[in-house]
Every structure is written in structure tokens, then in C-alpha cells.
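Here's the structure we're looking at; comments come further down.
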């Protein structure tokens, strides 16, 4: 059977990538066509595609190519004469035939944004029969097609068809969600997904498991995500303004006496909450939220123990990697970190900060950024204009509009000397030369492996032997 693909490319990434060959999508000039380079910078697939996505580990990639298919009606001003067509190619650039009749992107959708290849061995595509799932071995799962398939997480995905909901498992099996239940969130967390049940105009929230059956009875106004220690928050149906903590059976571990609760941190096995009046929350910075409230901050442990935070703390943020940021006031040099017992482990001497990840955190003083460990010791002094987020334990440093790499094990890997950088993958990183403003590929020492001569380079990806 041929599939007419109207859309997409949700892509779901390969976790174990072999090092045999690297294929890098490239474009020489702005507005030009894409092709593929190998790790030596040689063109192995000519530049003839409008779009070229990363190869899966099995050696397949989605590409968009102009074809001799006339558009209906008169030519559109500024438009090409031929309709571009999505294809799947192998590592030799050969088209995979007889699987898809035509591939074509659908309208932009926030669930599928920024997708550039297979993710976890699967790609969700829209065919003439509806949404289906394509594996990296070119096997089509769920051929019956669905009105919508949401991204896979924890080996399963939610799907919708003919006003009914289903749970799709990555082994190809399908479980029907119980009648009168509608997923409130569109993915699973710790094997649970929140669902709404509406009776007599009243909607109550509970959870289903991957079998599609009720695991927590719909008896709450709302339920949070289970995030690593078998607990989450829930809003009581009786006490409308109060939240408590429930376990996987839906029983209260902490009675609904809290005004606000964040998701549990799996490392800390604890969360931040507030007692008293409900807080007002707004996003004050891209890295964190601010809370204004009349109650008291508390720390809730997985054991059910509730520990009041010090009255001197004016802001307490969610836990990350075992520690939580706090502020003593709104002034500078008032941000520090405390543990699950409320003990200060990093003194409040910083202006801003981010959650700990992998044992380190990014902090700032006088608008300059650095890195500290969990003891509060400076691993990298606050002298950088920006430090971008973690990727495999590595961060990108910016200083005087130059970029470099750092990780906590080896320190500064590459001093800031490039006009732009992308994170490493398979030992390669895309870098922009300061003088030419062209992209090339560098190794972990910062040496050019592919000379900077391209208008665009994607991340490097590998294929199987």
C-alpha cells in the first residue's frame, strides 16, 4: 500500500549512534540547495534538496526535493514551477521506493516544531489514511491511521481517532482508553497520564496507565506530573483552593493544606511548596519564575515530612539536581542554594542563577556569568557575557562575542574564539569562523576538520555499519 504523506516529520532521536560514518547536511550559499558531507568534508550526496534532515542510525533521512509535478492553475508569482516532494533516502542518496507515494509537510504544529530526524527510532508521519509511525527500518506501524498521534514518551504515545482515544505502544500494540475519559495532558510521566472525566457537567481529574485503564480515580480538580519518586501534587475537589501530595494509588501523603506545589525533583526526592494564601507567579527571567505570596515557603519530602523554610527567605524556587535556589530579597547578591533540609549550602552572594544539572550550576554577578559546584566553589569565575545550557555536560561560553566550550570534568575545552557554535555530536561541532562568517566543523580540540566554507551546517549524525 502506498502512503500519501501530507505532513511531517516528528522526529524522535537515536540514542546509540555508531561512529562508522558521519553525514552532515550542508548548504553553500543562502537560498541554495542542501547536500551531505562526510567527516572529511567531501561531498557524498550532491546539493540538490530544498531541505535535508539528519540521518538515523539505520541510515535513512528525510529530504525535500523539487520535482516535475506541475502546480494546478496559473503559475504563482515568485513560486517554483514544480511542487517540492518529500522523500526518504539512504546513505548513498538513493530514494526508498514503493513505500510512500508522496511526502509533503503539513501546517506548522507546536507538538512537532524543530524536528529534524528520527527520534528514538521513530518518525510520526501523516498519510492518506491518517497519522502513522515509521521506524528506522522502514516498517510502518499503526497502518490503520489516526486523526492525530502525539510524540512518543516512555515508549508510548497518545492517539485520537473518531472521537476516541488510544495508547500506542512502540511494539505496535494498541490499548483503548476507557470511555468518557479525555487526556488532559498529551504524554505519559512515570507511566501515568492525567485524564478528565465529565459527569453532570463536572469535570474531575484522575490518571490512566499505559493499558488505557484508570489507575487513579478521577476525584481531583487537577493532578500534576509524576516525576521520579512516585509522588505528585493534586488539587482537592472539596478544598478548591488547597493542594496536597498524593501517591500512585491516589491516596493523600500530605493533606491538602498547601497553596502551591512544584513538581518533585527526582534527585532531591522533595519539592518546594507554599502554605497560606495562594501565590501570584510570573516569569521574571527565562531561567526562573518569581513568586509573590502571603504564606510561607515549605519543603515537602517524599516521606511526607514538611519542613518550613527560613522566614528570611523571600523567594524559593523549585528543586533541581537536589538543590533549590532562594533569594533573601529583591536586591542583587541575594541568591543562593539550599538542600532538602532547608540548610544553606551555597551562600546568597549571586545576582541570578540556574538550576543545578550534573552537579554544577550557572550563576551571575554584575551581569557576568560563571559556574559553581554543589559546595559553592567557583569552577569558572563570573567573567562571561553568557553561558548557554547544558548538552551532555558541556556548556557554550560567550565572551566579547566569541564562543567556546566548557565542562566540569576537563574545564575549558575550547577558549572562546569562534563567531558561533553548536553543540558537539559524535566528536564534531559546527562552528562559524570569525573572519569569513562561514560554517565548518571542528573537533574536540577546536581544530578545523571541515574548513569554514558553508553558509549552513547542521549537527553531525552517524549511521550504522
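Listed by position, the strands (runs of 3 or more DSSP E) contained in the stretch 297-369 that have at least 1 residues being more than 30 Å from residue 252 (Cα to Cα), modelled with pLDDT of 90 or more and out of contact with any helix residue (DSSP H, G or I) (no Cβ under 9 Å at 6 or more places or on another chain) are 323-327, 335-338, 344-350, 360-365. When 280, 288 are screened for being under 26 Å from residue 395 (Cβ atoms), touching a strand residue (DSSP E or B) at 6+ places or on another chain (Cβ under 8 Å), surrounded by fewer than 20 Cβ atoms within 10 Å (Cβ to Cβ) and modelled with pLDDT under 90, only 288 passes.
Answer yes or no as to whether residue 171 is touching a residue at least 60 places away in the same chain (Cβ under 8 Å) and outside any strand (DSSP E or B). Don't jump to the end; show me each part of the working.
Values: touching a residue at least 60 places away in the same chain (Cβ under 8 Å): no; outside any strand (DSSP E or B): yes.
No; evaluated as a whole, the condition is false for this residue.
Figure legend. Inter-residue proximity from the stretch 143-167: first residues more than 15 Å from residue 188 (Cβ to Cβ), second residues at pLDDT 95 or above and surrounded by 22 or more Cβ atoms within 10 Å (Cβ to Cβ), beta-carbon distance below 9 Å, spacing 6+ or different chains. Indicated pairs: 146/159; 146/168; 147/159; 148/158; 148/159; 164/177. Among the conditions (1) assigned to a strand (DSSP E or B); (2) without any contact (Cβ under 8 Å) to a residue 24 or more places away in the chain; (3) surrounded by fewer than 18 Cβ atoms within 10 Å (Cβ to Cβ), residue 379 misses just one, which is (2).
Screening 178, 170 for residues that are surrounded by 16 or more Cβ atoms within 10 Å (Cβ to Cβ) and at pLDDT 90 or above leaves exactly one candidate, 170.
With free of Cβ contacts under 8 Å to residues at least 40 places away in the same chain and under 15 Å from residue 265 (Cα atoms) as the only criterion, which of 316, 338, 328 stands out?
Criteria check complete, one pass: 338.
Evaluate the stretch 10-18: report whether one residue or more is in contact with a strand residue (DSSP E or B) (Cβ under 8 Å, 6 or more places away or on another chain), part of a strand (DSSP E or B) and either surrounded by fewer than 16 Cβ atoms within 10 Å (Cβ to Cβ) or at pLDDT 90 or above (or both). So far as the stretch 10-18 goes, no, none of its residues is in contact with a strand residue (DSSP E or B) (Cβ under 8 Å, 6 or more places away or on another chain), part of a strand (DSSP E or B) and either surrounded by fewer than 16 Cβ atoms within 10 Å (Cβ to Cβ) or at pLDDT 90 or above (or both).
Which strands (runs of 3 or more DSSP E) sit wholly inside the stretch 34-79 and have at least 1 residues that are at pLDDT 90 or above and over 28 Å from the mean Cα position of the chain (by Cα)? Outline the logic, then answer.
Details: elements: 34-37, 43-49, 60-70.
Strands (runs of 3 or more DSSP E) meeting the threshold: 43-49.
One residue stands out among those in the stretch 187-227 that are surrounded by fewer than 18 Cβ atoms within 10 Å (Cβ to Cβ), assigned to a loop (DSSP other than H, G, I, E, B) and free of Cβ contacts under 8 Å to residues at least 40 places away in the same chain: the one that is farthest from the chain's Cα centre (by Cα), which is 200. When 374, 368 are screened for being within 27 Å of residue 335 (Cβ to Cβ) and without any contact (Cβ under 8 Å) to a residue 24 or more places away in the chain, only 368 passes.
The values are calculated or read from the model by the stated rules, or taken from the named source; none is laboratory data. Quantities reported herein were computed from a predicted structural model and do not represent experimental measurements. Positions of Cβ are generated from backbone atoms using ideal geometry, with glycine treated the same way; all protein chains shown enter the neighbour counts.
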